[in-house]
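One structure is given here, and the rest of the page talks about it.
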Amino acid sequence: MNGLQELLCLTPFRILVRIAMVGKYTGLSDSYLSVLKALLHASVYCHRKLVVDWVASTDLEDSTKIEAPDAYKAAWNLLKSADGILVPGGFGDRGVQGKILAAKYARENNVPYLGICLGMQMAVVEFARHVMNLPHANSTEFDPNAKTPCVIFMPEGSKTHMGGTMRLGSRRTFFKVADCKSAKLYGNADYVDERHRHRYEVNPDMVPEFENAGLKFVGKDESDRRMEIIEIPNHQYFIGAQFHPEFKSRPAKPSPLFVGLIAASSGQLDKVLQGCSNGHVIPGKHQFSNGPYTPAAHQNTNGHAKKLANVGC
């Protein structure tokens, strides 16, 4: 038993918070370790006992409804019973439609949502398709000839040379909307340094259209051409980050965006945001860290949607 598990056992948490983790790698035991740890860190600080329901994104898709109706029904039951939804990063087109459907469900039903990297990009595509009525919206990662390319390959990247084609490492994000939820969660900071790992980005030429339709890009890089954080202001908690906030989360210094997800999923977000506005950092005792963090191994998983045992004791 590692230190975090011991902390969970010693802390008398009685109220559960259920998070649906929607991904394509739920059958691989080490795929989402850092994301799971960040959820645990945030849950401890919000005094909630975390339950992660793993949902294979492919099981949410219409093809599964025909080929494996029981898996389809189980996946949707888990998604609809969750207090919050998290769509992590990934590569490749398998399960992408399921991630889009998860983002759509969260947006339409005011369910707290956190999208990381690809999870943010698919939320942007979903918004374009179903709010802006752009049915051909897509990422050029999945359709190089997309009629409406909402997400595009990085301009400086090479599609022909292997190696060194990703945007990696700690990069600075500047908050463009001072009173947005993500800025408040980061202690009303002007900027934050978070780690990146991606090749595709939101198409900056479409940003004005998105913002006119209600999707706000509240965090950008120094050039204002890279979109780093999205929010839907009239949603209780709908946030996407191009960077990976889980990489710098630690037990005593949880990731602000993960704390926001857990807080929103357990009815505590207003209190948390009010505390931040009063100069307190969540949960009022520790400062958030941008230092490195390597989580210990821990994950339960299954290839199809399945309700797993509670994390902790």
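The values are calculated or read from the model by the stated rules, or taken from the named source; none is laboratory data. Fair warning: this is a prediction, and the values are worked out from it, not measured in the lab. Note: ideal-geometry Cβ built from the backbone for every residue, glycine included; neighbour counts use all protein chains shown. Quick note on the areas: whole protein, heavy atoms, side chains included, nothing else; ligands and nucleic acids left out. Shrake-Rupley method; radii C 1.70, N 1.55, O 1.52, S 1.80 Å.
Got a sec to turn the phi values of region 136-143 into Karplus ³J(HN,Hα) couplings, 6.51 cos²θ - 1.76 cosθ + 1.60 with θ = phi - 60°, whole Hz, x for Gly and Pro?
Karplus values, whole Hz, x for Gly and Pro: 9, 4, 6, 9, 5, 5, 9, 9.
Treat each spin label as a single point 7 Å out from the Cα along the C-beta direction, and report the Glu211 to Lys271 distance in nm.
3.5
Ignoring ligands and nucleic acids, what accessible area does Ile229 show with a 1.4 Å probe (Å², nearest 10)?
0
If you take every residue apart from Trp76 with its C-beta less than 10 Å away from the C-beta of Trp76, what net charge results, scoring Lys and Arg +1 and Asp and Glu -1?
Net charge around Trp76: +2.
Step by step: find N for region 216-274, compute 2.2 N^0.38 Å, then divide the Cα radius of gyration by it. What's the final number?
My calculation over the Cα atoms of region 216-274 gives 1.21.
Go through Lys80/Lys176; Lys65/Lys147; Lys65/Lys253; Lys37/Lys220; Lys65/Lys248 and tell me which ones have a Cα-Cα distance over 30 Å in this structure.
Violating the 30 Å limit, Cα to Cα: Lys80/Lys176; Lys65/Lys253; Lys65/Lys248.
Rank Lys271, Lys181, Lys80 by accessible area, highest first, at a 1.4 Å probe radius?
Lys271, Lys80, Lys181
Check which residues have an amide H placed less than 5 Å from Arg226's amide H, if you skip close sequence neighbours.
Hits under the 5 Å cutoff: Asp221.
Solvent-accessible area per residue for region 12-278 at a 1.4 Å probe radius, Å²?
That works out to 39 Å² per residue.
With θ set to phi - 60° and the Karplus curve 6.51 cos²θ - 1.76 cosθ + 1.60, what are the ³J(HN,Hα) couplings of region 175-180 in order, to the nearest whole Hz, using x for Gly and Pro?
Per-residue couplings from phi come out as 6, 9, 10, 5, 9, 6 Hz.
Figure the gain on full extension for Asn77 and Asp224 (residue separation times 0.36 nm, minus the Cα-Cα span) and round it to one decimal in nm.
Between Asn77 and Asp224, full extension yields 48.9 nm more.
Taking all protein chains as present, what is the carbon and sulfur share of the accessible area of region 12-278, in % to the nearest whole number, probe 1.4 Å?
With neighbouring chains kept in place, the figure for region 12-278 is 48 percent.
How much net charge surrounds Cys180 when only the other residues with a Cβ under 11 Å from the Cβ of Cys180 are counted, with Lys and Arg +1 and Asp and Glu -1?
So the environment of Cys180 carries a net charge of +2.
Can you give the net charge of the other residues whose Cβ lies under 12 Å from the Cβ of Leu257, counting K and R as +1 and D and E as -1?
-1
Under a 5 Å amide H to amide H cut-off, with H placed in plane at 1.01 Å, what residues pair with Asn203 once short-range neighbours are removed?
Val151, Ile152
So for region 12-278, averaging the separation of alpha carbon pairs under 8 Å that are six or more residues apart and normalising by length, what relative contact order in percent results?
21
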